[in-house]
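Single-structure report; data block below.
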Number of protein chains: 2
Amino acid sequence: MTYRFSADYILRTCGDAAKTAQIAAGEQSSGTFVEIPGEDEALKQRSAAQVELLEQVEDPGTPVLAGSEGDGTPTSWKMRLSWPLENIGPSLPNLVATVAGNIGELKQVAGLKITDLHLPAPFFERYHGPGFGVEGTRRLAGVHEGPLIGTIIKPSVGLTAAGTAALVDELCEGGIDFIKDDELQADGTRCPFETRFEKVMDVVDRHADRSGRKVMYAVNITGELDEMLHRHELVLKRGGTCVMVSLNSVGMTGLAALRNETQLPIHAHRNGWGMLGRPDHTGWSYPAWSTLWRVIGVDHMHVNGLSNKFWETDESVIASARHCLSPLHFDFPNRVMPVFSSGQTVLQAAPTYQQTGSSDLIFCAGGGVVAHPSGVGAGVKSLRESWQAAFEGISLEAASAKSSVLREAVEKFS
Amino acid sequence: MTYRFSADYILRTCGDAAKTAQIAAGEQSSGTFVEIPGEDEALKQRSAAQVELLEQVEDPGTPVLAGSEGDGTPTSWKMRLSWPLENIGPSLPNLVATVAGNIGELKQVAGLKITDLHLPAPFFERYHGPGFGVEGTRRLAGVHEGPLIGTIIKPSVGLTAAGTAALVDELCEGGIDFIKDDELQADGTRCPFETRFEKVMDVVDRHADRSGRKVMYAVNITGELDEMLHRHELVLKRGGTCVMVSLNSVGMTGLAALRNETQLPIHAHRNGWGMLGRPDHTGWSYPAWSTLWRVIGVDHMHVNGLSNKFWETDESVIASARHCLSPLHFDFPNRVMPVFSSGQTVLQAAPTYQQTGSSDLIFCAGGGVVAHPSGVGAGVKSLRESWQAAFEGISLEAASAKSSVLREAVEKFS
């Protein structure tokens, strides 16, 4: 079978779009800018990228990327390029060099955003994909329906290992399902990885003995590969149930090498994503970018949250979450659990449920848990009640009338 | 000793700059958005990021990043933030999460470009740094002065292993110093890595037996970590003298794991760089971004070329090259060899030499070598003569009067 892979883009150009698309396809496959003697037309053709689609869309009329060339005013186009898989084989690093390499540097290109990737089966056969996904995470966390109610340990940095464990004790006592390190907390000298992890697990285990359910602690193992492998091993041996990594810091080949060894869910933090996803005319869309990590095999992907403290619109957040829960490929769905966070409180439960159309998600609230007027336990309880109300289609106001912890949360966070 | 590390930015904001800088510093260290009970002021302070500098610069007046918040029109600022090294230890992945993580997603931030990094000695002590640099590369290539005259095998993809070797034969015959794979050529089924490498090395060795000098072949080993390690081992055993990787595809921890094992110069390809470097108001500057790879330990860094086929200005190209040749740290210079490429011909030799102020560089011409009217050998000879003329301060016109190959090249490429 002759496979091809393809990438979708929004292309802007100040020149002729058809010509620009051909130049881009040539640059990313068998073309050169000067005709050279050794070039044989047949061998060029069999390796050439093809322009599969070029369809004009509305141009935003904003300034173009630096160094753009061309006479006209910019126009915008949906463009799909495809390549024979034989050019690179099912290799994600070489896929990225092909679909997102020099193409963005062409002066004919006045804007280029990668909006989707279409990968054939060999990529999914070669990489592990998620080892746990939604079902495996639910099993390990002992949460069989509804969202995993989670929180982030704050302050991000500054707490000692003992301070972290004390906070985790309160959270476990309060009935939390999921706790994660902040991405800034990894292995600093004031809160070293091993001490923090051991102290937290002592607390988690003590509560598990009491409750019969082990709170999932996504401990941040981000570091060099040997450190991450060593930390994963420690977590596994000690009975931990999740490891967290910062995707953009670790990079693709480091993550794939880690994934080859992991036996626990990988909680994938997207910090740094803003640099790739926020600009209109360059970078990646979330569906395209997250496809890379889902093929390699993470289990949880951050998607921001509704009414978040960051720049992103609710529409964009929901599109990301729905993408995480949608199959990547008919035979290889590689579904992952979306992680909502950033300024989340009881107020976002109902809209998150309604707009995502699912509760196969992790709902992380920082202040929304620990800043509850009646304490951490009340914070967790109020979040769970807000989700229960959402499931039952009862308004927060109506549900608050029957619950003081929910009423306090609504008052505090409105 | 209490170390700090710092990052410089160009910050744009539509709000109050001093407040935005404080929010950014808080987000990237011990701050949270909601005051929470467990927070102790002393522990927050000892881990806090500091705003070291905030100085207004001219704002370009262009639109701001999506989702930016604030009343005013945007203003631009030089900002320096610093952090205690204790927060993360000398860990590049955690450095990136700290200096380039969620900070770019803040709605108060209307634009944020990282312009420089200042790393203390522990980073340089922990990572290998370049194993070869300028001196080691010259020694292995047998080129003791002047630039390494190089070329890129084209077409990028489509050639078989035998076709590649035949082209390399011509290039070696012509007296080339350096040959690199295109970044699109890695291990496709039509030109598998091992076959290509073996066939090329047969040719390189044959010419070395004749000339006493082994042409440096930067073979593209980009792939998953196990593949890269295996390929490096093959190259080393077979007497190859260079390996090439695509930095943005491989990522930081994969490269560091590879660097732990390499015994050959690493030729670092920057494809995908446009996405990070081309936008004005987001991403990285070349000095900041290349610092990461130089600390890990690459030996050659691509810098584009003068009058290139891409978007970049000559001024920007020269600044990158000069940065490669400047020390990163007083005790750890980590100098790397800049690689000029993209539409390079005899015409760019003199301005490249004059503006870089050095010939410690690799000068790669594709069409500029193989499209010479009198053949590949004449192409290489003409480039060498153009550099000799530059060294002697003789104009290309004057030098062409004495050399037919140079005259032909000037006519062809003007």
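If you go through the stretch B:251-274 and keep only what is among the aliphatic types (A, V, I, L, M) and out of contact with any Asp or Glu (no Cβ under 9 Å at 6 or more places or on another chain), you end up with B:Leu255, B:Leu258.
Within this structure, B:Val57 passes the test of being over 30 Å from A:Asp181 (Cα atoms) and surrounded by fewer than 23 Cβ atoms within 10 Å (Cβ to Cβ).
Taking the stretch B:275-309 as the range and being crowded, with 24+ Cβ neighbours inside 10 Å, under 22 Å from B:Thr345 (Cβ atoms) and within 11 Å of chain A (Cβ to nearest Cβ) as the test, the residues that pass are B:His302, B:Asn304. For the residues B:Ile114, B:Ile176, B:Ile221, the requirement of being in contact (Cβ under 8 Å) with a residue 12 or more places away in the chain, assigned by TED's automatic domain parsing to the domain that holds B:Met244 and within 21 Å of the chain's Cα centre (by Cα) singles out B:Ile221.
Say whether the condition of being part of a strand (DSSP E or B) and either crowded, with 19+ Cβ neighbours inside 10 Å or outside the structural domain of A:His300 (by TED's automatic domain parsing) (or both) is met by at least one residue in the stretch A:187-201. There is no residue in the stretch A:187-201 that is part of a strand (DSSP E or B) and either crowded, with 19+ Cβ neighbours inside 10 Å or outside the structural domain of A:His300 (by TED's automatic domain parsing) (or both).
When A:Lys78, A:Lys19, A:Lys107 are screened for being surrounded by 17 or more Cβ atoms within 10 Å (Cβ to Cβ) and not assigned by TED's automatic domain parsing to the domain that holds A:Trp293, only A:Lys107 passes.
In the set (1) within 13 Å of another protein chain (Cβ to nearest Cβ); (2) within 23 Å of A:Cys191 (Cβ to Cβ), the condition left unmet by A:Leu264 is number (1). All conditions but one from (1) within 13 Å of chain A (Cβ to nearest Cβ); (2) open to solvent by 20 Å² or more (accessible area, probe 1.4 Å); (3) within 22 Å of B:Val215 (Cβ to Cβ); (4) not hydrophobic (A, V, I, L, M, F, W, C) apply to B:Lys381; the one that does not is (1). In the set A:Ala371, A:Ala398, A:Ala409, only one residue is assigned by TED's automatic domain parsing to the domain that holds A:Lys180 and crowded, with 23+ Cβ neighbours inside 10 Å; that residue is A:Ala409.
A:Phe340 falls short on exactly one of the conditions (1) surrounded by fewer than 24 Cβ atoms within 10 Å (Cβ to Cβ); (2) in contact with a Gly (Cβ under 7 Å, 6 or more places away or on another chain), and that condition is (1).
Looking across B:Thr160, B:Thr151, one residue alone is crowded, with 22+ Cβ neighbours inside 10 Å, among the polar types (S, T, N, Q) and out of contact with any His (no Cβ under 6 Å at 6 or more places or on another chain). It is B:Thr151.
Residues in the stretch A:151-165 that are closer than 17 Å to B:Thr98 by Cα and touching a residue at least 60 places away in the same chain (Cβ under 8 Å): A:Ile152, A:Lys154. For A:Pro155, the criteria (1) assigned to a loop (DSSP other than H, G, I, E, B); (2) under 21 Å from A:Gln344 (Cα atoms); (3) in contact with a strand residue (DSSP E or B) (Cβ under 6 Å, 6 or more places away or on another chain) hold in every case but one, which is (3).
The values are calculated or read from the model by the stated rules, or taken from the named source; none is laboratory data. Since we're looking at a predicted model, the values are computed, not measured. Please note: Cβ atoms are built from the backbone with ideal geometry, for glycine as well, and neighbour counts cover all protein chains shown. Only protein heavy atoms, including side chains, enter the accessible area calculation; ligands, DNA and RNA are left aside. Shrake-Rupley method; radii C 1.70, N 1.55, O 1.52, S 1.80 Å.
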